[in-house]
Amino acid sequence: MARTIAYAQATGVRAVPRGGGHCFAGRSSTEGLLLDLGRLDAIAVNADGRATIGAGARLAHVYNALHQHGRTIPAGCGPTVGIAGLTLGGGLGLLGRVHGLTCDALVSAQVVLADGRVLECDTQRDPELFWALRGAGGGQFGVVTSLVFATVAEPHATRFELHWTDGAAAAVIAAWQQWAPIAPDDITANLTVVAEPGRPLRVVVFGAVLRDGDATSTMVDELVAAVGTRPGVRVCDGSTFRDLKRALATSVQRTDSARVRIGRSEFFADPLPTAAIATLLDGLVDVSQGRRELNFTALGGAYNRVGPDATAFVHRSEQFLLEHVTDEGGQWVERSWAIAHVYGSGGVYPNFPDLELNDWATAYHGDNLARLRAAKHTYDPDRFFQFPQAI
Ligand SMILES: Cc1cc2nc3c(=O)[nH]c(=O)nc-3n(C[C@H](O)[C@H](O)[C@H](O)COP(=O)(O)OP(=O)(O)OC[C@H]3O[C@@H](n4cnc5c(N)ncnc54)[C@H](O)[C@@H]3O)c2cc1C
């Protein structure tokens, strides 16, 4: 890796690292030199429960390898998402409300800098680099070649999915946003609203509960009572955490679709008012082609028990994340985002990059920006890693 970077430096070719290749803004693609880490995907688990994971590993491989040891890490659901890109931007997932972000479980990382030095960083060695990597590390400071995580025992979990149609949408969103972000930590309940031409609107609350089926059913009853309308479909099934991830990855979760994805998102510290929910839903009725989605991700819990400056991931007092996603052209994403933005916190998840932001650096990094710029100056003073936006 160091030799490749030296070649890029000598020839003036731009070099860009790629983990799983899923960056929504295409930042792991280049007409220059692609540093594809895909084959660095070895995974080893120590007796102390620490896992050393090659930066090219993808999530399905990570979960499978850790499952052999009865262990896991809090991480996302897309099976082909790269562990590197996910961790370096934060990492939201089904265990996040109990164990925090994927980057919160990071213990150390090996990084190749632009000057060819290979550093092992952690809270003692090059702590500013380690701090910066946890939430702002994607393509910014160096090429991460391996990551060490503190794993947790793989839990038994119950998956649930509740499907409503049109009439209940506003009530489901209103009940969900009052309930999911402050639910007990072992409940992760996300919400998606899907509009497709010629089909009724689908409203799905789905997720995982680290309890048995009966306890999960009781929890589901509470949510249904708060909504006031029974769901048409109700699924509750228990499984190992790895199998649950697999099931969710093939159901309502974001799929590895080849379709073009256009999306904008924002964090919210407070619930949306009833009128805003109604206006958001009105924007879904005239879909004539493709698909429109509103995806709500519950935060709170362990995500918010870490200080905003403890890692570079600054968004530690948000209640939920809302994405407006489509695969059709037109202005719907912009309109829908603008309706919700009035009530948003202005913060944006770095792993959902948004090319329309006026001040992307503040939106992604907030009050951590000055410290990140100092770390950039220390570890990449010539701004070699700069495509397309350097901190
Ligand atoms: C199907 C799908 C499901 C998803 N599910 C979730 C989810 O559940 N939770 C969640 O939080 N997010 C989720 N995401 C978003 C995901 O976190 C981001 O897209 C993330 O950036 C993907 O990482 P990657 O390694 O696959 O992508 P890449 O495009 O390879 O990398 C993303 C960025 O990190 C940089 N980078 C990659 N590897 C390195 C490295 N080794 N060293 C330095 N920089 C590097 C790249 O240059 C690029 O800027 C999902 C995305 C998709 C497409």
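The values are calculated or read from the model by the stated rules, or taken from the named source; none is laboratory data. Only a predicted model underlies this, so the values are computations on that prediction, with no experimental measurement involved. Note that each Cβ is placed from the backbone with ideal geometry, even for glycine, and that neighbours are counted across all protein chains shown. The accessibility values were calculated without ligands, DNA or RNA, using every heavy atom of the protein model including side chains. Shrake-Rupley method; radii C 1.70, N 1.55, O 1.52, S 1.80 Å.
Only residues that are closer than 21 Å to ALA195 by Cβ and either in a loop (DSSP other than H, G, I, E, B) or open to solvent by less than 10 Å² (accessible area, probe 1.4 Å) (or both): list them for the stretch 292-320, please. Give the derivation first.
If we filter the stretch 292-320 for residues that are closer than 21 Å to ALA195 by Cβ, which is where we start, we get 292-297, 320.
Residues satisfying the conditions are LEU294, PHE296, PHE320.
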Being in contact (Cβ under 8 Å) with a residue 40 or more places away in the chain and either near the ligand (Cβ under 8 Å from one of its atoms) or aliphatic (A, V, I, L, M) (or both) is the requirement here; does GLY56 meet it? no
Sole residue being in contact (Cβ under 8 Å) with a residue 12 or more places away in the chain, more than 13 Å from HIS156 (Cβ to Cβ) and assigned by TED's automatic domain parsing to the domain that holds THR188, chosen from VAL203, VAL209: VAL203
Could you look through the stretch 223-269, keep only residues that are out of contact with any Lys or Arg (no Cβ under 8 Å at 6 or more places or on another chain) and among the hydroxyl-bearing types (Ser, Thr, Tyr), and pick out the one that is modelled with the highest pLDDT? SER265
Please give the helices (runs of 4 or more DSSP H) falling wholly within the stretch 42-133 in which 1 or more residues are open to solvent by less than 10 Å² (accessible area, probe 1.4 Å) and of a type outside the set (A, V, I, L, M). 83-89, 96-99
Would you confirm whether or not the stretch 300-322 contains a residue that is outside the structural domain of PRO127 (by TED's automatic domain parsing) and more than 23 Å from the chain's Cα centre (by Cα)? no
Which condition from (1) surrounded by fewer than 20 Cβ atoms within 10 Å (Cβ to Cβ); (2) modelled with pLDDT of 95 or more; (3) not in a loop (DSSP other than H, G, I, E, B) is the one that GLN9 breaks? (2)
Picking from THR158, THR165, the residue that is more than 16 Å from THR297 (Cβ to Cβ), among the hydroxyl-bearing types (Ser, Thr, Tyr) and surrounded by fewer than 22 Cβ atoms within 10 Å (Cβ to Cβ) would be THR165
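To keep it simple, each residue is scored yes or no on (1) within 30 Å of LEU35 (Cβ to Cβ); (2) in the same structural domain as ALA269 (by TED's automatic domain parsing); (3) within 16 Å of the ligand (Cβ to nearest atom); (4) at pLDDT 95 or above.
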position: VAL143; (1), (2), (3), (4): yes, no, yes, yes
position: SER146; (1), (2), (3), (4): yes, no, yes, yes
position: PHE149; (1), (2), (3), (4): yes, no, yes, yes
position: PHE160; (1), (2), (3), (4): no, yes, no, no
position: THR165; (1), (2), (3), (4): no, yes, no, no
position: ALA171; (1), (2), (3), (4): no, yes, no, yes
position: ALA174; (1), (2), (3), (4): no, yes, no, yes
position: GLN177; (1), (2), (3), (4): no, yes, no, yes
Which number in (1) surrounded by 20 or more Cβ atoms within 10 Å (Cβ to Cβ); (2) without any contact (Cβ under 8 Å) to a residue 24 or more places away in the chain marks the one condition that VAL172 misses? (2)
Within the stretch 182-205, the residues that are open to solvent by 10 Å² or more (accessible area, probe 1.4 Å) and in a strand (DSSP E or B) are ASN190, ARG202
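Determine which member of the set VAL342, VAL325 is within 13 Å of the ligand (Cβ to nearest atom) and either over 21 Å from GLY135 (Cβ atoms) or assigned by TED's automatic domain parsing to the domain that holds LEU113 (or both).
Numbers: VAL342 fails: within 13 Å of the ligand (Cβ to nearest atom).
Result of the check over VAL342, VAL325: VAL325.
Limited to the stretch 321-377, what total is found for residues that are assigned to a loop (DSSP other than H, G, I, E, B) and either of a type outside the set (Asp, Glu) or touching a residue at least 12 places away in the same chain (Cβ under 8 Å) (or both)?
At the first step, the residues of the stretch 321-377 found to be assigned to a loop (DSSP other than H, G, I, E, B) are 327-331, 342-359.
In the following step, the residues that additionally are either of a type outside the set (Asp, Glu) or touching a residue at least 12 places away in the same chain (Cβ under 8 Å) (or both) were identified as 327-331, 342-358.
Number satisfying all stated conditions: 22.
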Checklist (1) open to solvent by less than 40 Å² (accessible area, probe 1.4 Å); (2) at pLDDT below 95 applied to GLU31, failing item: (1)
State all residues of the stretch 14-41 that are within 19 Å of the chain's Cα centre (by Cα) and assigned to a loop (DSSP other than H, G, I, E, B); if no residue qualifies, say none. GLY19, GLY20, GLY21, HIS22, CYS23, PHE24, ALA25, GLY26, ARG27, SER28
